[in-house]
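Novice: Mind looking over this structure? Questions follow.
The values are calculated or read from the model by the stated rules, or taken from the named source; none is laboratory data. Since this is a predicted model, take the numbers as computed values, not measurements. Cβ placement follows ideal geometry from the backbone for every residue including glycine, while neighbour counts extend to all protein chains displayed.
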Amino acid sequence: MNSVNQALPQFLGGLVLFFLGLDWVKSSLKGLASRAMRRRTQAMVRSPVRASLFGIGFGAVSQSALAVAMVLAGAVTTGLLPLGRALTAVAWANVGTAALGFLAAINLNMTALWILGAAGLALRQRRLSRIKPLLGTLFGIAFMLYGLVHLKRAAEPLQASASFAIVTSALSSSYLLAFLTGGLLRLIIQSSSGISVILITLCGRGLLGPELVLMAMAGTGLGIAGSVLLFGRNLQGEGLRIAYWQGLSSVFSSLVMGGWCGLAQLTGLPNAQQLTLPLHLSLETSLALVFLMQMLLYPVAAWLAGHRAPLWLARLAPEAAEVSLARPHYLTEGAVDQPTLALEEVRKEQLRLLKAVPSLLDRARLEGQRPAGRDPALLAESLAALGSEITAFLTEALERDEEAGDTREHLAALQRQQCMDELVSQLSLLAAQAESLPAEGPARQLAATLVDSTDLILHQLLAVMEGGEAIDREMLAAMTQDRGDQMEGLRHRASTGQFGSAREQASVLYAATLFERSVYLIRRLAGC
Amino acid sequence: MSSPSATLTLHLHPRADDKTAVLSLAGRLDAFTQTQAEEGIARQLDAVPGGALRLILDCSALEFVSSAGLRVLLTAVRRLKPAGGQVILCAPRPAVRHLIELSGMGNLLRTCDTLEQALHSPA
């Protein structure tokens, strides 16, 4: 009993260390979605073979096909990579994640401690900050390994525990239950390889039977599909399509492996693990091999679907106009090294962004004046994404141009972009604030007036930015003159309760501040 | 956009003098009636031989103006301003006046309380 009491916290501690490590790896890899990384990725996945190798390598290090998917989704969205190539890389990334399964079969204690110590110390060195994502990944992997060490140590005493026996016997009673448990675990834990390693570890220590582990591992695929359905609504565009692809392939691999295991049980045919018996491998290694087989079904699915996959996905997740807005239309990679061309492309892209900005206000217009269709949140997100693309492009062009000396125009364009980004955010807030007010009443009327005023000024800004004449700039300057007295009067009316309830008054005050700031930003953008 | 809930009526006044065009607007001036208003104003301005210098818009019966509607006025201002001309709005209702003030249009055009006042105001 004492040993069980000691083993349980060690088991739980091991689990926590393992998943903390996994989280660490994932967060360290987040920085890889940058523009520079996307460009390197484009070079790395130039051919299908290179895409497969990239997928395996990245999947093995990140232990997340989803991380690979997100890096590639950015590249596909910006037109650097065709969707079909990205699907190949993601399919093979699943195979890469199977590498973790083999860790359960080797003695990790010293390895884990060495990596943990070295990567941990290196992370504290400021001089190594440039390779922080890499060190963070190593540190995370070491944490995972150390967690596995504790899981293994805790497993044997737990075998004697009555509670564990109840859980395992319940699971053993039904293959379907084990299959569904695998899916449920994947929904909660969000790492198929992580779950498989733990299942393999527990099986190696005799806590779970191999058939049970096979079914639970197969069930994780169903969990991935469930995750895509549950969390996919937060994604859009290419990210959503790749996520759908991952979900569909997971269902395929899950059904094949689960079906095989079930059929073997019913007919007496060998299951996947029994097929490996002639190789005389340890139980853990043979189960890791089965997990690898399961992961190999992802590229098989990609191969079977072939070039039809992008078409299916386009039908499954059609691209909204807002999403297409997020994709730069004018920025080209070659222009980064040519200052004049780069600035011209940025000017066109910024104008394109600006043309879409008035639509942010549509939701806040009064009934009968509201255009239908556009999703305001998605629109704001897309405009912000396009803004980030322009900023990244300009930053890169600026770095290249710094050597040449004159960076004034780049800096001006960068500053203009910062203004636009802030304007997008202010207008989204203004529209949301106006929309939140009760449909009838003076507060809503005033908010609509602020929205209409902003819209008019924005259109005048567009006239200026589209190469308008001096008269256009002069008119915009007049329209955006200091309106401190007006706004003060408005605030006074709000403070004397002329706009309804306290909440409505607060909303009016906030909307007025957002309006004032927006007008200031528009004035700055026009250089008035 | 949802269906238009109201219409705009334009009343073209006879020419007031050599350089002034006068027009009355009634109803709603918004995205639905924008083109109608633009065409009416252009027609009235074109009717002045040698080009008008003043556009007087009687807004006393104008119930609603949206930003799309204001753009019509902005176009008129843009046409007249380079030659030193101006747009004068007569008797706009409080909501319309408020929009004109907040949008900064008040700095580009003049407002008068009555049509008479506008007709007799100095050019």
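Novice: Can you list residue pairs whose Cβ atoms sit under 7 Å apart, with the first residue in segment A:244-267 being surrounded by 24 or more Cβ atoms within 10 Å (Cβ to Cβ) and the second being of a type in the set (Lys, Arg)? Count only pairs 6 or more apart in sequence or on different chains.
Specialist: Final answer for the pair search is none.
Novice: Any chance you could count how many residues in segment B:40-68 are away from every other protein chain (no Cβ under 12 Å), under 28 Å from residue A:447 (Cβ atoms) and buried (at least 23 other Cβ atoms within 10 Å of the Cβ)?
Specialist: 3
Novice: Do we have any residue at all in segment A:95-109 that's more than 22 Å from residue A:211 (Cα to Cα) and modelled with pLDDT of 80 or more?
Specialist: Yes.
Novice: Give the residues of segment A:306-346 that are crowded, with 20+ Cβ neighbours inside 10 Å, closer than 30 Å to residue A:252 by Cα and in contact with a Phe, Trp or Tyr (Cβ under 7 Å, 6 or more places away or on another chain), sorted by residue number.
Specialist: Of everything in segment A:306-346, those that are crowded, with 20+ Cβ neighbours inside 10 Å, closer than 30 Å to residue A:252 by Cα and in contact with a Phe, Trp or Tyr (Cβ under 7 Å, 6 or more places away or on another chain) turn out to be A:309, A:313, A:317.
Novice: Looking at B:83, B:76, B:31, which one is within 12 Å of chain A (Cβ to nearest Cβ) and surrounded by fewer than 17 Cβ atoms within 10 Å (Cβ to Cβ)?
Specialist: Of the residues listed, the single one that is within 12 Å of chain A (Cβ to nearest Cβ) and surrounded by fewer than 17 Cβ atoms within 10 Å (Cβ to Cβ) is B:83.
Novice: Please go through segment A:290-311 and pick out each residue that is in a helix (DSSP H, G or I), touching a residue at least 60 places away in the same chain (Cβ under 8 Å) and not small (Gly, Ala, Ser).
Specialist: Matches in segment A:290-311: A:290, A:291, A:292, A:294, A:295, A:296, A:298, A:299, A:310.
Novice: I need the helices (runs of 4 or more DSSP H) fully contained in segment A:451-528, keeping only those with at least 3 residues that are buried (at least 21 other Cβ atoms within 10 Å of the Cβ), more than 9 Å from every other protein chain (Cβ to nearest Cβ) and under 34 Å from the mean Cα position of the chain (by Cα).
Specialist: Filter on segment A:451-528 gives A:502-526.
Novice: Does residue B:57 fit the bill of being under 24 Å from residue A:476 (Cα atoms) and at pLDDT below 90?
Specialist: Here the answer is no, as residue B:57 does not meet what is asked.
Novice: Can you go through B:110, B:97, B:93, B:71 and tell me which one is under 27 Å from residue A:487 (Cβ atoms) and within 10 Å of chain A (Cβ to nearest Cβ)?
Specialist: Among B:110, B:97, B:93, B:71, only B:71 is under 27 Å from residue A:487 (Cβ atoms) and within 10 Å of chain A (Cβ to nearest Cβ).
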